[in-house]
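*Asks:* This is the structure I want to talk about, given as structure tokens.
Values quoted throughout were computed directly from the atomic coordinates according to the rules given, and no laboratory measurement underlies them. Just so you know, these numbers come straight off a predicted model, no measurement behind them. Neighbour counts are summed over all protein chains in view; Cβ atoms, including those assigned to glycine, are modelled from backbone coordinates with ideal geometry.
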Amino acid sequence: MLHLLPLSTLLLVAQVFASPLVPSKSEPLPLLIWHGLGDNYAADGLHSVGDLANETNPGTYVYYIRCHDDPGTDSRATFLGNLTEQIAQVCIDIETHEVLSKAPALNALGFSQGGQFLRGLVERCGDRIKVKNLVTFGSQHNGIAKYQICKDGDWLCKGYVGLLKSNTWGHWVQGNLVPAQYFKSTNDTTGVPTPEYLENSNFLADINNERTLKNVTYAKHLSQLDNFVMYLFDEDTTVIPKESGWFAYTNGSDGSVTQLRDREIYKQDWIGLKALDRKGGLHFETTEGGHMQLSDGILTDVFSKYFSTKSGSWEGTGVAAESRQEVIEL
Ligand SMILES: *[C@@H]1O[C@H](CO)[C@@H](O)[C@H](O)[C@H]1NC(C)=O
Ligand SMILES: *[C@@H]1O[C@H](CO)[C@@H](O)[C@H](O)[C@H]1NC(C)=O
Ligand SMILES: *[C@@H]1O[C@H](CO)[C@@H](O)[C@H](O)[C@H]1NC(C)=O
Ligand SMILES: *[C@@H]1O[C@H](CO)[C@@H](O)[C@H](O)[C@H]1NC(C)=O
Ligand SMILES: *[C@@H]1O[C@H](CO)[C@@H](O)[C@H](O)[C@H]1NC(C)=O
């Protein structure tokens, strides 16, 4: 025998069933990926990395950081722009993003220059965006000593580098050409950064707190990470010096390397790396190959170690919760 219930009762039943369905905290935290020089946020290669993150930790929401919605313009912005403005805009984009703004925290993955930009984002924007784990591959945390960014025969690029070289410390170059903002000149006799760098660097000297006046907020934010993982490509010939990926200083005269833990930036803890190290959150890793020669194996390893639900979880994008409710109403 069929019992026909009025529609209102049915809805009531559905609601009673639906209300205790507090979404379970089962999804991995969203992942931010910041691409490198010349790349763009919509590139297939980049998305295959994001897909692998989702495959390794199912349900991972991936946000590909961009400076523009148009991929071509986004790629241009890796060469042209003021990093202070780019990072401030990215902070707003993430803070107001409909999914990311709901997550309790985020993880972050930076490729090459995208790595030091993400670190800058953590330092400057850490009171508005909470990042738990930051992983960088082949980044230039201690800057670059040479501009080596063009492929053979790329004359447009060579013209660009000519512009960079001719006036690295000029106000226009520092405000408009991206690699100049993480170029670093050091007096290799003394190992001390040059006055031109300290005075004019629009990005690196600031986020590395190398000037007399330190911003203690930067150190506070960076030391609040759970993990900061720095990968170096052992045959990197693109980043000069490659040890920059570990915050090391390489003497340009004799090639000797001073590791981070022997440097003032660490010993005086200008940016919180020592505090992070003390709690076991600072990791120096090496991977085989040249600049950005990434294997799925390394990425999967990193994703399962640092970006899984073990590092934090949340209820996700809401898609799962909605579908559960639909089932009941049917
Ligand atoms: C993650 O993978 C699942 C299953 O393949 C897919 O349904 C989902 O759309 C993917 N999520 C993202 C953010 O790519
Ligand atoms: C230090 O950095 C924070 C975060 O970016 C900023 O709000 C503050 O104005 C900075 N302080 C100084 C003294 O520059
Ligand atoms: C970069 O942008 C910031 C914020 O608009 C501005 O204060 C600064 O002067 C700019 N830097 C250069 C070198 O133009
Ligand atoms: C480097 O420092 C030494 C010692 O202070 C000084 O004599 C030399 O002129 C500096 N070199 C440059 C290129 O400024
Ligand atoms: C760099 O190497 C040169 C040549 O060996 C040496 O004279 C100089 O003292 C070194 N600089 C530092 C900071 O160790």
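*Asks:* What per residue convex hull volume, in Å³, do the alpha-carbon atoms of the chain yield?
*Replies:* 161 Å³
*Asks:* Something else: Which value in nm describes the separation of the simple spin-label points at R128 and V192, placed 7 Å from the Cα toward the beta carbon?
*Replies:* With each label point 7 Å from Cα toward Cβ, the separation is 3.7 nm.
*Asks:* Which of the three applies to region 177-221, rounded, prolate or oblate, going by the alpha-carbon gyration tensor with a ≥ b ≥ c and a/c under 1.5 meaning rounded?
*Replies:* The shape class here is oblate.
*Asks:* Let me have the relative contact order for the chain, percent, based on Cα pairs under 8 Å that are six or more residues apart.
*Replies:* 23 percent
*Asks:* Additional query: Roughly what % of DSSP beta bridges within region 200-330 run antiparallel, to the nearest 5?
*Replies:* The answer is about 25 percent antiparallel.
*Asks:* Determine the principal axes of the Cα atoms in region 19-80, then give the extent along each, sorted from largest to smallest and rounded to whole angstroms.
*Replies:* 51, 24, 13
*Asks:* Another question, then. May I ask for the equivalent-ellipsoid semi-axes of region 214-283, computed as the square root of five times each C-alpha gyration tensor eigenvalue and listed largest first in whole Å?
*Replies:* 23, 14, 10
*Asks:* List the aspartates and glutamates whose Cα lies under 19 Å from the Cα of K158, skipping any in the same chain that are fewer than 8 positions away.
*Replies:* Partners within reach: D39.
*Asks:* Right, another one. Using the Cβ atoms and a cut-off under 15 Å, what net charge is assigned to the surroundings of D234, where Lys and Arg are +1 and Asp and Glu are -1?
*Replies:* -4
*Asks:* Kindly provide the helix-only [θ] at 222 nm of the chain, computed as the sum of -39,500 (n - 2.57) over DSSP H runs of four or more divided by all residues, to the nearest 500 deg cm²/dmol?
*Replies:* It comes out at -10500 deg cm²/dmol, rounded to the nearest 500.
*Asks:* Given the Cα-Cα distance of D152 and K165 and 0.36 nm per residue of separation, how much length would full extension add, in nm?
*Replies:* Going from the current span to full extension adds 2.9 nm.
*Asks:* Rule-of-thumb check for region 193-330: C-alpha Rg over 2.2 N^0.38 Å?
*Replies:* 1.41
*Asks:* Okay, next question. Which length gain, in nm to one decimal place, applies between T96 and D44 when the Cα-Cα distance is subtracted from 0.36 nm times their residue separation?
*Replies:* Additional length available on full extension: 16.2 nm.
*Asks:* Here are some pairs, K214/K242; K220/K267; K102/K305; K151/K184; K130/K220; K132/K184; which of them have Cα atoms lying more than 19 Å apart in this structure?
*Replies:* K214/K242; K102/K305; K151/K184; K132/K184
*Asks:* Ok, one more. If I measure Cβ to Cβ between cysteines in the chain, which ones have no partner under 4.7 Å?
*Replies:* C67
*Asks:* Please give, to one decimal in nm, the separation of the simple spin-label points placed at F284 and Q89, each 7 Å out from Cα toward the Cβ.
*Replies:* Going from the F284 label point to the Q89 one covers 3.7 nm.
*Asks:* Follow-up. Run the paramagnetic zone check for V257: 7 angstrom along Cα to Cβ, then residues of region 205-235 with backbone nitrogen under 15 Å.
*Replies:* Only 230-235 fall inside the zone, counting backbone N under 15 Å.
*Asks:* Between T212 and T73, what is the spin-label point distance in nm, taking each point 7 Å from the Cα along the Cα→C-beta axis?
*Replies:* It is 4.2 nm.
*Asks:* Something else about it: Find the relative contact order for region 133-290 and round it to a whole percent, using C-alpha pairs within less than 8 Å whose residues are 6+ positions apart.
*Replies:* 30 percent
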